[in-house]
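Scroll down for the structure; my scribbles are underneath it.
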Amino acid sequence: QVQLVESGGGLVQAGGSLRLSCAASGRTFSDYAMAWFRQAPGKEREFVAAIGWSGGSSYYAESVKGRFTISRENAKNTVYLQMNSLKLEDTAVYYCAAAKGYYGSNWRRYAEWGQGTQVTVSS
């Protein structure tokens, strides 16, 4: 297992930027594909981005493509989500998740989750 702790959320104006971090501890971080999901009030959990074990491949939801960038530093056991050009509809709790043997957008395939960090975009 890995334990995940997100940070970096907050309040930002539309058009602004935030960088989320997710620090992992426990098992070998580089064994896991990592992803970010988000959930807004009254809505279902939504895939945002995923990154492969080595960081050489990544994959985004259409709604964030070109604005968000996922990256990882295996030496620091950390995955990041750089969010630029934020929109009101990006407001949500953002969760990082880890999966062994899976890399994709299906949240049910991710076994490990952080507690979430709130991102609020204001007009």
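Of all the numbered requirements in (1) part of a loop (DSSP other than H, G, I, E, B); (2) within 19 Å of VAL119 (Cα to Cα); (3) without any contact (Cβ under 8 Å) to a residue 40 or more places away in the chain, GLY16 misses one, and that requirement is (3). One residue stands out in the range 19-53 among those that are under 16 Å from the mean Cα position of the chain (by Cα) and part of a loop (DSSP other than H, G, I, E, B): the one that is nearest to GLY101 (Cα to Cα), namely TYR32.
Residues that are more than 21 Å from GLY9 (Cα to Cα) and either in a loop (DSSP other than H, G, I, E, B) or touching an Asp or Glu at 6+ places or on another chain (Cβ under 6 Å) (or both): does the range 83-97 have at least one? Working first, answer last.
So in the range 83-97, the residues more than 21 Å from GLY9 (Cα to Cα) come out as none.
Within the range 83-97, none of the residues are more than 21 Å from GLY9 (Cα to Cα) and either in a loop (DSSP other than H, G, I, E, B) or touching an Asp or Glu at 6+ places or on another chain (Cβ under 6 Å) (or both).
Number of residues in the range 33-48 that are of a type in the set (A, V, I, L, M) and surrounded by fewer than 23 Cβ atoms within 10 Å (Cβ to Cβ): the value is 1.
A count restricted to the range 1-29 and to residues that are modelled with pLDDT under 95 and of a type in the set (Ser, Thr, Tyr) stands at 2. Checking each residue in the range 90-107 for being touching a Lys or Arg at 6+ places or on another chain (Cβ under 7 Å), over 13 Å from ARG45 (Cα atoms) and small (Gly, Ala, Ser) picks out only ALA99.
The values are calculated or read from the model by the stated rules, or taken from the named source; none is laboratory data. None of these values were measured; they are calculated from a predicted model. When we count neighbours, we look across all protein chains shown, and the Cβ atoms used for this are built from the backbone with ideal geometry, even at glycine.
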